[in-house]
Amino acid sequence: MPQPNLSFLEEARDAALGTWALVLGRQEAPRYFDFSMRGVIGSFIALIIGIGVSVFGPMLVGVASPAGAATSMTMLSVVLYVFQIGAAYVVLNMMGRLDGFMPYLVADNWVNFFVALAGSIAIIFLGGSDIMLIVMGIVAIIIEVNIARRIVTLAPMQIAIFIVAQVVANFIGLLLFGGLMLQALGPLPAAS
């Protein structure tokens, strides 16, 4: 575990090393994250910064986006996060492993920060592409499996249940959010 009383930048540096260790599936990944209450708060600060970077970062350097896209992306990020964390809590509770919830939360928040940062940088320098989206998705799945494996220390079948529950929760969040957005936009014009 990182030293207590680190500055936010030192905590971010350690979390970056922990995120890289998770990408590689290394056993020492947990030692880079601060699982204390201070670490939980720091991870939420990182998550909020990450959402801001992913939503507004490309626009700040001149990458155009449609009107209202920032608001929609912020709302989508929050909805998906709530559904994912809710699913993680429910599944860990059912498994009798709520001891892993706070460590999961810390690692996942920091990972979201670094994925948002990497995604924004990629969009700025490479432009958005389907290949980049697929690569980021694969890396995200690898990291989520390694969080369940290395941080929460779940057994293989528990990892599968944990990941599937989060994917289903995200899918439900997308359906609900998409439905709300369609209602807000009103009926679509008929094709000619």
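The values are calculated or read from the model by the stated rules, or taken from the named source; none is laboratory data. This one's a predicted model, so the numbers in the text were calculated from it and none came from an experiment. Note that we place each Cβ from the backbone using ideal geometry, even for glycine, and neighbour counts take in every protein chain shown. Side chains included, ligands, DNA and RNA excluded: accessible areas come from the protein's heavy atoms. Shrake-Rupley method; radii C 1.70, N 1.55, O 1.52, S 1.80 Å.
For the reader, a short list of remarks on this structure follows.
- Per residue solvent-accessible surface (Å²) - the range 135-174, probe of 1.4 Å: 50 Å²
- A crude spin-label estimate for the pair ALA140 and SER36, with each label 7 Å from Cα along the Cβ direction, gives 3.2 nm.
- Accessible-area value, ILE124, 1.4 Å probe, nucleic acids and ligands omitted, Å²: 60 Å²
- Sorting PHE33, PHE8 by solvent-accessible area of protein heavy atoms yields PHE8, PHE33, largest first, with a 1.4 Å probe.
- Accessible surface of the range 8-182 [probe 1.4 Å, protein heavy atoms]: carbon and sulfur percent: 77 percent
- The peptide list 131-138, 35-42, put in order of mean Cβ contacts within 10 Å with the highest first, becomes 35-42, 131-138.
- For SER72, solvent-accessible area (1.4 Å; no DNA, RNA or ligand), Å²: 30 Å²
- Distance in nm between pseudo-label sites at ILE161 and VAL23 (7 Å out along the Cβ direction from Cα): 3.2 nm
- Sequence ranges 146-157, 78-89, ranked by mean other-Cβ count within 10 angstrom, highest first: 146-157, 78-89
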